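The values are calculated or read from the model by the stated rules, or taken from the named source; none is laboratory data. Owing to the predicted nature of the structure, the values given are computational and were not obtained by experimental measurement. Methodologically, a virtual Cβ is constructed for each residue, glycine included, from the backbone with ideal geometry; neighbour enumeration extends over all protein chains shown. Calculation scope for accessible area: heavy atoms of the full protein, side chains included, ligands and nucleic acids excluded. Shrake-Rupley method; radii C 1.70, N 1.55, O 1.52, S 1.80 Å.
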There are 4 protein chains.
Amino acid sequence: MATTAAAEAIPAAPALIDELVAANRILYDQGVVDGFGHISVRHDKTEGHFLLARSMAPGLVTSADIMEFDAEGNPLDAAGRTPYLERFIHSEIYKTRPEVQAVVHSHSPSVIPFGVVATPLQPIYHMSSFLGAGVPVFEIRDSGGPATDMLVRNPALGAALARALGDRPVALLRGHGNVVVGGSIREVVFRAVYTEVNARLAAEALRLGEGRMVFLNDQEAAAATQTNRAQIGRAWDLWKAKALGIAR
Amino acid sequence: MATTAAAEAIPAAPALIDELVAANRILYDQGVVDGFGHISVRHDKTEGHFLLARSMAPGLVTSADIMEFDAEGNPLDAAGRTPYLERFIHSEIYKTRPEVQAVVHSHSPSVIPFGVVATPLQPIYHMSSFLGAGVPVFEIRDSGGPATDMLVRNPALGAALARALGDRPVALLRGHGNVVVGGSIREVVFRAVYTEVNARLAAEALRLGEGRMVFLNDQEAAAATQTNRAQIGRAWDLWKAKALGIAR
Amino acid sequence: MATTAAAEAIPAAPALIDELVAANRILYDQGVVDGFGHISVRHDKTEGHFLLARSMAPGLVTSADIMEFDAEGNPLDAAGRTPYLERFIHSEIYKTRPEVQAVVHSHSPSVIPFGVVATPLQPIYHMSSFLGAGVPVFEIRDSGGPATDMLVRNPALGAALARALGDRPVALLRGHGNVVVGGSIREVVFRAVYTEVNARLAAEALRLGEGRMVFLNDQEAAAATQTNRAQIGRAWDLWKAKALGIAR
Amino acid sequence: MATTAAAEAIPAAPALIDELVAANRILYDQGVVDGFGHISVRHDKTEGHFLLARSMAPGLVTSADIMEFDAEGNPLDAAGRTPYLERFIHSEIYKTRPEVQAVVHSHSPSVIPFGVVATPLQPIYHMSSFLGAGVPVFEIRDSGGPATDMLVRNPALGAALARALGDRPVALLRGHGNVVVGGSIREVVFRAVYTEVNARLAAEALRLGEGRMVFLNDQEAAAATQTNRAQIGRAWDLWKAKALGIAR
């Protein structure tokens, strides 16, 4: 309630905050995050700023937990709320990817193994076609040395991760998790969920095919990604109803 | 509510629509479909027509979402409701399979890997004995070329899929999902669920046996399929009670 | 309500029927049975008779669904209720195993793969130590020929299964499921649940160890089985509370 | 209610008992324990004593079930309550590890396979970095001979297990389960949950990488463990809300 130095903060639209809260709950309900992981969205009124929950389990987030951050990852009106240590994942990606509107960082369980082996993560089916752009693995030792605590805990590590991500939608963090970006909250949630599903199904297919399987080719991946853009709402409606206990 | 050009539509029996709604919920509750996938049934009053929900998550379908389609997959009384892009899976199969009364298309997760490897899907036990008829894999590149968005989005692709399916109960769609047909809503739901279970168990057995395992032989598969016809209600009653929250 | 020719039936103790109903619900809730599978117990008042639900999903069974059968598997007071086709699994095992008080037949999912490969099911830990007695696989082709519907649908097949089981607590049915016996409803439920858990964990260990793993030896298996007899109530209380929605 | 010889028992703080009850429920809800397994905490008022539930399923424990034990594992005020057979796991570890405040023993399912194969359990990601200290396997045959019932049922076996554990946070018990220690109830619960998660993910990665994968190195493991100490509350709040049905 008490205002701090950053009294100039302009409130984001309540509907945007509600959508971000719903996204937090969905990511937990769909098994993408457990007590850890986070999702941010660009502020709709202040260029360069973004919205992100205080440091807490995504499954318990409410609108009162949503904080505003500036382009460097500094909280504007903390009001006693502790920010996530890894908010620089978000700030540094927003700096280099103007078209990105939302970012998810998670320890999505089925994806973790792909971050520690040589086998690349590729799209097994059209739902995860966005992976066809390639999925780089960020090795924190390259920029942070051999003795980090694995966290992207400062702007330099955030920038290194953003470089590894490049212009792609997903990057894996070795021994840690992954980061997913999208053009909206709904798109990034869709991608985070299907990255997890794809990892589970592709691992299964690689075992069944003893390493040999047919992935989507580049053209199929691009075409399916284009088609899926108009279909995201179908999954979002279901996931939101389930996570918020609205329907069924 | 408003009627369109197709004012001659004769309403289907409410009990049939209720059964189709229940089937949508069951397929979601049993993990056969997520936000995507669909189930249709032949119209009980109009030859060649079929019933299918509007484009939405099956788990949220209610009777108001059920639309009628003609034999070419055109909606009769859309009333602002958007049809599924892939309704031609249904229309084209109904054209070539007069005995089929209901069709399920899903991205049933355990089945996806079998669509992208050389290992065929075969029946590990009597519950999935209907797979003994053989499970073809539909490669969309053969008819749609190397750059589709993977969707069966027009009658030509639907007809190609129907040809691949032939006279069998199940076909896999490479990099996409599968299609299951049956003599009733209950039978197609039963088959869709046990196709998923069979894929999970057969993959496990193939690993355990390092590729060697005993499947049902043709005679066992045929005899068990005959027996199961009278047992489907036992599973349906449970699944319906669970999906609709009636019992327990 | 109406009595039939078998008017001489003496009602079983209500507490025994309640226990059998609870066992049906537990087996469903713990994932041992789905819409199929069944559990019986010896009648407490009539030598050679046993109690078993009518043909229905175990998860929906109530006391009104419990029927009485004679030693040959004939229902005493069907009153319009349809018996399970495979009741002869129960009748024939009770004939040859006087110490057995309860029998479970299921398609317990993790166990199915062990019935179709050469790898034997062995106890990975003390909870499933009863498997140390050896787990035979019943091949129905040996007694029923190559064209059965896989069901133990008559006394002859039931007797063949009982012979395969011998004096052991568990037998697998190739391409079908398994049968578990015990000295009480609680013991057979305990064994059915831990047979399923053991199959899942042993399959995982066999993969991890590339076929090499340490199982319980015969002495350990026997000693742990003796100890577990006094511990079964701990699991039963939890499972019952969960399945019947009593606690938490 | 009735007091016994040990009338000198000083009650532990109610908040500590509540925390221990919550921990019991969380371990069940997170799948670390089923009907078996237990968690203890050092008594906050009496040096050398500890608190542990009576012999029952952790998921059903209430404050009335918490008993006090002396340093030798003898109950102080049993009042008719039966203690766990394996309370000596707790008493003997507390004797040799003064810094340990809480102990979990479980049959955590994904961990069981690592206890029976040669492959060591190592940390795949930062959440389970505490495993970087090494995870010994306790072979009960070494101290108990070839014919035990697998239980750590006396002080001598408890002491042997404590020696195998040494100064590490986790030890596996071959053919049985594992033991986890921590500096608080919350830390030991955190470690027990992520030991289970790590086992599942590492097994998957070892398959995917055909035995080759990158684990955290010693420096990363140590640094991440230090960082995680301040983050445990985030998971605890979620798990407690879920297990006790407080939120969502």
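Points to keep in mind about this one:
- Breaking point among (1) more than 14 Å from A:GLY35 (Cα to Cα); (2) part of a helix (DSSP H, G or I); (3) without any contact (Cβ under 8 Å) to a residue 12 or more places away in the chain, for D:ALA203: (3)
- Residues located in segment B:191-212, provided they are within 9 Å of another protein chain (Cβ to nearest Cβ) and either among the hydrophobic types (A, V, I, L, M, F, W, C) or in contact with a strand residue (DSSP E or B) (Cβ under 9 Å, 6 or more places away or on another chain) (or both): B:VAL193, B:VAL197, B:LEU201, B:ALA202, B:ALA203, B:ALA205, B:LEU206, B:LEU208
- Check on A:PRO136, farther than 14 Å from A:VAL103 by Cα and in contact with a Lys or Arg (Cβ under 7 Å, 6 or more places away or on another chain): yes
- Per the conditions (1) over 26 Å from A:GLN226 (Cβ atoms); (2) assigned to a helix (DSSP H, G or I); (3) open to solvent by 30 Å² or more (accessible area, probe 1.4 Å), the sole criterion not satisfied by B:ARG168 is (2).
- Of all residues making up segment A:227-237, the number that are at the interface with another protein chain (Cβ under 7 Å from one of its Cβ atoms) and over 22 Å from A:ASN24 (Cβ atoms): 1
- Taking the conditions (1) touching a strand residue (DSSP E or B) at 6+ places or on another chain (Cβ under 8 Å); (2) closer than 13 Å to C:LEU27 by Cβ; (3) assigned to a helix (DSSP H, G or I) in turn, C:ARG186 satisfies each one other than (1).
- Across segment B:76-85, the number of residues qualifying as surrounded by fewer than 24 Cβ atoms within 10 Å (Cβ to Cβ), within 11 Å of another protein chain (Cβ to nearest Cβ) and under 19 Å from the mean Cα position of the chain (by Cα) comes to 1.
- Looking at B:VAL193, B:VAL180, just one residue is touching a Lys or Arg at 6+ places or on another chain (Cβ under 7 Å), buried (at least 24 other Cβ atoms within 10 Å of the Cβ) and either at pLDDT 95 or above or of a type outside the set (A, V, I, L, M) (or both), and that residue is B:VAL180.
- Residue check for B:PHE50: open to solvent by less than 40 Å² (accessible area, probe 1.4 Å), without any contact (Cβ under 8 Å) to a residue 60 or more places away in the chain and either closer than 29 Å to B:GLU196 by Cβ or hydroxyl-bearing (Ser, Thr, Tyr) (or both): yes
- Just one of the numbered conditions (1) farther than 30 Å from C:VAL32 by Cβ; (2) at the interface with another protein chain (Cβ under 10 Å from one of its Cβ atoms); (3) part of a helix (DSSP H, G or I); (4) open to solvent by less than 10 Å² (accessible area, probe 1.4 Å) is not true of B:GLY175: (3).
- The numbered conditions (1) open to solvent by 40 Å² or more (accessible area, probe 1.4 Å); (2) away from every other protein chain (no Cβ under 14 Å) are all true for D:ALA23 except (1).
- Among the residues of segment B:215-248, those identified as in contact with an Asp or Glu (Cβ under 9 Å, 6 or more places away or on another chain), under 18 Å from B:PHE130 (Cβ atoms) and either among the aliphatic types (A, V, I, L, M) or not in a helix (DSSP H, G or I) (or both) are B:ALA222, B:ALA223, B:ALA224, B:ARG229, B:ILE232, B:ALA235.
- Count - residues of segment B:157-176 that are in contact with a Gly (Cβ under 7 Å, 6 or more places away or on another chain) and on the phi > 0 side of the Ramachandran plot: 1
- Among the residues of segment B:104-113, just one is within 25 Å of B:TYR94 (Cα to Cα), surrounded by 24 or more Cβ atoms within 10 Å (Cβ to Cβ) and within 7 Å of another protein chain (Cβ to nearest Cβ), namely B:ILE112.
- Per-region count, segment C:135-154, residues touching a strand residue (DSSP E or B) at 6+ places or on another chain (Cβ under 9 Å), open to solvent by 20 Å² or more (accessible area, probe 1.4 Å) and part of a loop (DSSP other than H, G, I, E, B): 3
- Residue within segment B:120-127 that is open to solvent by 10 Å² or more (accessible area, probe 1.4 Å) and assigned to a loop (DSSP other than H, G, I, E, B) present: yes
- Residue list for segment D:114-133, filter: of a type in the set (Phe, Trp, Tyr) and within 14 Å of chain C (Cβ to nearest Cβ): D:PHE114
- Test: residue in segment C:87-102 that is part of a strand (DSSP E or B), among the aliphatic types (A, V, I, L, M) and touching a strand residue (DSSP E or B) at 6+ places or on another chain (Cβ under 7 Å): yes
- Here the condition is being within 14 Å of another protein chain (Cβ to nearest Cβ), buried (at least 19 other Cβ atoms within 10 Å of the Cβ) and touching a residue at least 60 places away in the same chain (Cβ under 8 Å); of A:GLY37, A:GLY59, A:GLY73, it holds for A:GLY37 alone.
- The selection criterion, being closer than 30 Å to C:VAL152 by Cβ, modelled with pLDDT of 95 or more and facing another protein chain (nearest Cβ under 9 Å), holds for C:ALA243.
- Test: residue in segment B:196-204 that is of a type in the set (Val, Ile, Thr), buried (at least 19 other Cβ atoms within 10 Å of the Cβ) and closer than 30 Å to A:GLU210 by Cα: yes
- The set of residues from segment C:213-225 being facing chain D (nearest Cβ under 7 Å) and of a type outside the set (Gly, Ala, Ser) comprises C:MET213, C:VAL214, C:LEU216, C:ASN217, C:GLN219, C:GLU220.
- Failed item, numbered, when B:THR96 is tested on (1) under 16 Å from the mean Cα position of the chain (by Cα); (2) crowded, with 16+ Cβ neighbours inside 10 Å: (2)
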